[in-house]
Amino acid sequence: MSALATIRETPGLDQYLDELEERLEATVATHPGLVAAVSRDALAAGGKRLRPLLVFFATPPDEQPSVAAGVAVELVHMATLVHDDLIDGAEFRRGRASAWSAYGPAAARATGDYLFARAFAELAATGDEQSVALLADAALCLARGEAMQRRQAHDPETTVEAYLERCGLKTGKLFEAACLLGGGPRRPHLGAFGLALGIAFQITDDILDCSGETVETGKIAGVDLREGTPTLPLILAAREDDVVRRALAGGPLDGALVRVAATGALDIARGVALDYARRARTCLNGELHRAELEVLTHLVVHRES
């Protein structure tokens with residue numbers, strides 16, 4: 001039995017995920033029209049629901065996992081994907097036409113905004129002001145991370161430290177929020193777990209972009225290089241190979257992606273991802289679902305999508 005299948009046998013999880021999917025479908029349909037239709041398409045594309053899983057597994061045993069929190073973090077994640085595809089000009093997402101390529105840029109922009117709004121509406125309906133503030137901070141970090149990525153574009157001099165900071169803002173903070181929304185203020189160590197896990201997840205995504213087509217995104221490899229996004233493998237490879245360096249700076253792309261692997265940058269980046277996964281595991285402290293959370297740290301770095 002696979003590790004993911006073992007996790008899915010956790011008591012109460014199937015019911016939680018079923019309720020999550022029902023609530024996701026209901027909330028995107030709240031205001032019928034074009035943005036609701038685009039949102040339904042984005043929802044139908046599926047996904048691992050990793051952030052809601054973190055909400056579930058971080059929740060103390062004497063409390064009921066919040067479906068509203070799971071819905072909120074997943075909708076924020078979906079909103080960022082819709083907006084990212086628009087910004088990057090990505091035509092496919094998880095093997096399907098991305099929102100902007102299917103419906104146009106204006107519809108995609110509005111859909112991302114709609115998904116953000118529905119996320120906060122779901123959480124606000126619980127009356128938990130602290131949770132709303134927590135997710136709002138994570139959303140602000142997402143925006144800061146995106147702005148940082150724009151500033152770093154086509155800059156092979158981007159430092160590893162600046163890249164890791166961006167990963168924390170763009171990916172890690174939403175993982176952190178998911179864990180804190182589940183664990184609450186009494187378990188801040190789970191926020192540190194989520195942050196480290198999110199960075200490991202993003203580094204792995206960036207490695208996959210350099211190494212081949214992924215099942216999850218349906219994108220052809222090399223999007224980051226074509227967009228001039230300095231990811232860890234590209235930063236490391238640019239230090240060793242002038243062809244990669246020029247390509248990342250906006251020059252010719254021919255042959256550059258192959259040369260990234262030849263520098264050994266992918267293996268080094270994979271080691272950094274594994275280190276962040278280990279850091280995440282060291283944050284766990286007697287959780288009821290410690291085994292499941294540890295499995296997630298292995299799943300995010302050992303994947304092909």
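The values are calculated or read from the model by the stated rules, or taken from the named source; none is laboratory data. Predicted model, so just to flag it, every value in this text is computed and none were measured. So basically every Cβ, Gly included, is an ideal-geometry build from the backbone, and we count neighbours across all protein chains shown. Ligands, DNA and RNA are stripped out before the accessible areas are found, and what is left, the full protein with its side chains, is counted by its heavy atoms. Shrake-Rupley method; radii C 1.70, N 1.55, O 1.52, S 1.80 Å.
Could you pull the accessible area for I207 with a 1.4 Å probe, rounded to 10 Å²?
For I207, the solvent-accessible surface is approximately 10 Å².
Under a 1.4 angstrom probe, counting protein chains only, how are F56, F92 ranked by accessible area, largest first?
F92, F56
Stick to Cα atoms and the Kirkwood definition of Rh, then tell me Rg/Rh for region 163-298.
Value, to two decimals: 1.06.
Under a crude label model (7 Å from the Cα following the beta-carbon direction), how far is E157 from V223 in nanometres?
A separation of 2.9 nm, rounded to one decimal place.
Only helices at least 30 Å long along their own axis, judged from Cα atoms, and with Kyte-Doolittle mean hydropathy of 1.0 or greater: name those in the chain from DSSP H.
67-88
Given charges of +1 on the Cβ of Lys and Arg and -1 on the Cβ of Asp and Glu, with all other atoms neutral, how large is the dipole of region 78-120 about its Cα centre, in debye to the nearest 20?
180 debye
Any chance you could list P(r) for region 78-142, counting all Cα-Cα pairs in 10 angstrom bins from zero, rounded to whole %?
Taking every Cα pair in region 78-142, the percentages come to 22, 43, 25, 10.
For the chain, take the alpha-carbon Rg, divide it by the Kirkwood Rh, and send me Rg/Rh.
0.96
With a 1.4 Å probe and all protein chains left in place, how much accessible area per residue does the chain have, in Å²?
In whole numbers, the chain has 43 Å² accessible per residue.
Using Cα-Cα distances under 8 Å and only pairs 6 or more residues apart, what relative contact order does the chain have, in percent?
Relative contact order comes out at 18 percent.
With all protein chains present, how much of the accessible area of region 1-128 (probe radius 1.4 Å) comes from carbon and sulfur, to the nearest whole percent?
54 percent
So how many Å³ per residue does the convex hull of the Cα atoms of region 10-128 work out to?
Output value, Cα hull per residue: 95 Å³.
Across all directions of projection, what mean area in square nanometres is found for the Cα convex hull of region 111-178?
Taking a quarter of the hull surface, the average projection is 5.1 nm².
In region 148-214, which trypsin sites (Lys or Arg not before Pro) are in a loop and have at most 12 other Cβ atoms within 10 Å, using DSSP for the loop call?
When the trypsin sites (Lys or Arg not before Pro) of region 148-214 are filtered for loop state and at most 12 Cβ neighbours within 10 Å, R186 remain.
Between L140 and A44, how many nm apart are label points set 7 Å from Cα along the C-beta direction?
3.8 nm
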